[in-house]
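Below is one structure, written out as structure tokens; comments come after it.
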Amino acid sequence: MPEEMNPATGDAPGVVSEVDAAAETERRRKLRASFTRYRIMAFVVGSMLLLVFFFLILRRVAGLNVQTAEKIVDPLHGYLYLAYLVVAADLAVRAKWRLGRIITVVAAGFVPFLAFYVEHRINVQMNDEHAID
């Protein structure tokens with residue numbers, strides 16, 4: 001029995017048209033850009049969280065008065081964390097993440113040192129799943 005032509009493209013089944021290839025290339029480009037934004041924000045938010053943690057230790061353990069620094073760093077980390085969540089949500093939608101990975105990424109923004117570990121794990125997983133590198 002002869003194979004039928006694809007009415008939308010006029011191609012035989014199994015043949016990837018130039019339009020499909022271009023769409024896939026564009027999808028991969030957007031996924032890569034979203035992943036790059038996520039990696040940058042994970043590093044920034046993780047670094048800011050370490051500063052928050054550092055100032056907290058200085059104040060509680062060493063007894064130093066670092067309230068001025070805390071008044072700057074704490075809200076800045078909060079706003080950057082919100083931007084991080086937006087960037088992570090964009091990547092989650094594009095990469096079709098499951099709920100467990102999303103929850104882990106959300107937690108990485110408020111547990112010291114976790115952002116760096118999670119970013120590394122996401123990097124490995126994205127390279128395995130989507131060949132992003």
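Values quoted throughout were computed directly from the atomic coordinates according to the rules given, and no laboratory measurement underlies them. All of these numbers come straight from a predicted model, not from anything done at the bench. Here the Cβ is made from the backbone with ideal geometry for all residues, glycine too, and neighbour counts use every protein chain on show.
Between LYS71 and PHE43, the FRET efficiency from the beta-carbon distance, with R0 = 30 Å, is close to 0.80. Put a dot 7 Å past the Cα of TYR117, heading toward its Cβ, do the same for LEU85, and the two dots end up 2.3 nm apart.
Residues of the chain were split at every exposed loop site, defined as chymotrypsin sites (Phe, Trp or Tyr not before Pro) in a DSSP loop with at most 15 other C-beta atoms within 10 angstrom, and the longest piece left, sites excluded, is 1-109. What FRET efficiency, computed as 1/(1 + (r/R0)^6) with R0 = 35 Å and r the Cβ-Cβ distance, is obtained for ALA23 and LEU99, rounded to the nearest 0.05? My answer for the efficiency is 0.80.
Per-residue Karplus couplings for the range 47-61, computed as 6.51 cos²θ - 1.76 cosθ + 1.60 with θ equal to phi - 60°, are listed in order as 5, 5, 5, 5, 5, 4, 4, 4, 5, 5, 5, 4, 6, 7, 8 Hz, Gly and Pro entered as x.
Helix-only mean residue ellipticity at 222 nm, the chain, DSSP H runs n ≥ 4 weighted -39,500 (n - 2.57), per residue, nearest 500. What is it? The partial results should precede the final answer.
Working: 4 runs with 98 residues, N = 133.
Computed ellipticity for the chain at 222 nm equals -26000 deg cm²/dmol.
Here the residues GLU26, GLU70, ranked from fewest to most Cβ neighbours within 10 Å of their Cβ, fall in the order GLU26, GLU70.
Computed over the chain, the quotient of the alpha carbon radius of gyration and 2.2 N^0.38 Å is 1.53. When the Cα positions of LEU82, VAL93, TYR38 are compared along the charge dipole of the chain, LEU82 comes out farthest toward the positive end, with charges on each C-beta of Lys, Arg, Asp and Glu. Within the chain, the longest run free of exposed loop sites, counting trypsin sites (Lys or Arg not before Pro) that sit outside DSSP helix and strand states (H, G, I, E, B) and have at most 16 other Cβ atoms within 10 Å, spans 1-95.
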